[in-house]
Every structure is written in structure tokens, then in C-alpha cells.
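Only one structure is covered here, and it is reproduced in the block below.
The values are calculated or read from the model by the stated rules, or taken from the named source; none is laboratory data. Note that the structure is predicted; figures quoted are calculated from it, not measured. Glycine also receives a Cβ, built like all others from the backbone with ideal geometry; neighbour counts cover every protein chain displayed. Accessible surface is based on the protein model in full, side chains and every heavy atom, while ligands, DNA and RNA are left aside. Shrake-Rupley method; radii C 1.70, N 1.55, O 1.52, S 1.80 Å.
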Amino acid sequence: MKPCIVWQTDFGLKWGAVAAMRGVCKQVDPTLECIDITHEIEQYNIPAASREIMYVEPFWPKGTIFVSVVDPGVGTERRACVAKLKDGNYIITPDNGTLTHLFYQVGIEEIREIDESVNRYPGTEEVSVFHGRDIFAYTAARLAAGVITFEQVGPSYPVEEAVIFEQDLIQAKVKGTIIEGVVSSVSDPFGSIALNILSKDFKAAGYAHGEKVMVTLKRNGQAYFSKEVLYQKSFGFVAVGEEILFDSSTNYIELGINQGNFKETYQVGAGSEYTFTFQKI
């Protein structure tokens, strides 16, 4: 069975960009299956693309081909690449930082730069602003259909040359029972915010379900939330309208409100300016 192509972009669905990418895949092989992660990543937000694909990738069969196109540098000297992950999956993406979470949490076995002289949709040579269609979708389809092998994508280059963001952006600092990190995502549709601490690391630092944690949130260094919050398995352990720390479906710690919206209530954003501190009580 041919692998699925699973993709995400910041294109949105109000115009024909995603449909054009699908069309390219179907021209290569009409039997290919294309599945969406999302096309609503915040525009130009490469860290969000890196994070979002990490949430999904572990749950797909080995050999799956992921495509991520959040590409503010389209048409420039940034590399277009295919990375073979250590778990057997592939990701096709601009080498602009999108590989960061996968690099740290899954590992990259090998990476190849796409040879555009071979792996480019014919007739688009003069177009420099739609590599999602002309290079990434086309290469993904050829790889999934078995038209090319991974080795025929293009020349390999050292994994060490890949663009990888600072680890502090994706992994909180743990000093004993004090944990400091950043808000990594506010995309939860129910308004919970994801923090860059894995549940297993949170528990290894000495925190357990049923305990209250001193949570401090800061925006550009200024505290706007400081409160004792219960850490539990799910929302129903606190009253409606009460804050709760919980283990998310993506294995990170999230902070939410039972039947409420933490993001909107406290006007929280994602990124290095939005930081948190956990302390034992």
C-alpha cells in the first residue's frame, strides 16, 4: 500500500492553493491519498509549524510522507528538503526551522536537498512563489507513488546543517522542582494554552496529580497571572470556571479553564515573550 501524504500549511482554505497541491499529487498518481493536518497555521509562524507537525507525526504509520509549507523565504536561497526521520517517516519542507521539534524528539536520520531540475512540476520553472505546489507537493507525490526513491530526491547534506531553533523554545528548563519555559501554543480550540514541558518531565521533577502548583505567567517579563492551580488528569476535577493544569493529548502540560477559555480570559499569546514558572507549594 502506498503511503499517505499528510500535510499542513498557512495557506488557509479561502482560495485554491491547497486544491492545486492536491491536483499535482493526483496527476502523479490518482490513487494517492492526501490527508490534512491543518491549513490554518498562523501565517509565517515557523515555530508553530514545527510544533504542530510534532503533535501529529507519532500517530501515523511508518513510511508516511508529511509535507509542511510555512515558507516566508519562498524563492530565496533557503533549502527545500526531504528529511528521513529515525522512526521511518519522512517530512518534506523548507529547511527554515520547521524540523526543530522532530529533530529533538524523534531524530533525523538523513536529509536531502530537493533537486529542482528533476523534482519540479513541469512548466512552473518561472514561478518562484508557490513551491508548495511546484516542488513540495510534486516531490511528495513522486516519493509516495514510488516514481523516485529517497536517494533520488537530490543530494544529501549533513543533518548538522539543518536550520534548528534553540532548544529553549521547545524544552523548558528544569532546576529541581522549579520549571521555567514558554507558552508554545494557543491553538487549542477550547482555549487552553500549551506549555513547553512534557508531562513525563513534569512528573520527573516531582509533580503529581492532585497537587496544587504555583503558576506564574509573564508577558515580556511582567507577571499577569500568579495563582495556585490544581494539576489533574482532566477538567472535571475542578469547578466550572476554575483553572487547571492537565496532561494534554500531545503529552505536554496545558493550562486551561473548566468550560472556559484561558487564552481569551488572560489574552495569552505564544512565543518567547510569554513565559511561565512552576514552583512547588
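Worth pointing out:
- Accessible surface, per residue, of the stretch 167-281 when the full set of protein chains is kept, probe 1.4 Å, Å²: 48
- Spacing of the two label points (7 Å from each Cα toward its C-beta) at Thr177 and Glu109, in nm: 4.3
- Put the Cα centre of the stretch 112-177 next to the Cα centre of the stretch 18-60 and the gap is 13 Å.
- Take the Cα of His209, go 7 Å toward its beta carbon, and the backbone nitrogen atoms of the stretch 185-199 under 15 Å from that spot belong to 199.
- Note on Lys200: lysines with a C-alpha under 20 Å away, same-chain residues under 8 apart excluded, are Lys173, Lys175, Lys212, Lys233, Lys280.
- Once Rg and the Kirkwood radius are both taken over the C-alpha atoms of the stretch 66-171, their ratio Rg/Rh works out to 0.95.
- When shorter helices are ignored and each DSSP H run of at least 4 residues is given -39500 (n - 2.57), the per-residue value for the chain at 222 nm works out to -4500 deg cm²/dmol.
- Peptides 120-132, 235-247, 94-106, 175-187 ordered by average Cβ neighbours within 10 Å, highest first: 94-106, 175-187, 235-247, 120-132
- Leu230 long-range amide H proximity, modeled H, under 5 Å: Val213, Leu245
- J(HN,Hα) series, the stretch 62-75, from Karplus relation 6.51 cos²θ - 1.76 cosθ + 1.60, nearest Hz, glycine and proline x: 5, x, 4, 10, 9, 10, 10, 10, 10, 9, x, x, 3, x
- Annotation: extensible slack from Glu273 through Lys14 equals 90.2 nm (criterion: 0.36 nm per residue apart, minus Cα-Cα distance).
- 12 Å beta-carbon shell around Gly16, net charge (K/R +1, D/E -1): +3
- Looking at the stretch 59-164, the accessible area is 40 square angstrom per residue; that uses a 1.4 Å probe and ignores ligands, DNA and RNA.
- Carbon + sulfur, % of accessible area of the chain - ligands and nucleic acids excluded, 1.4 Å: 51
- Over the stretch 96-138 - Rg/Rh using Cα atoms and the Kirkwood inverse-distance radius: 1.09
- Label-reachable residues, the stretch 92-131, where backbone N falls under 11 Å from a point 7 Å from Arg78's Cα toward its Cβ: 93-99
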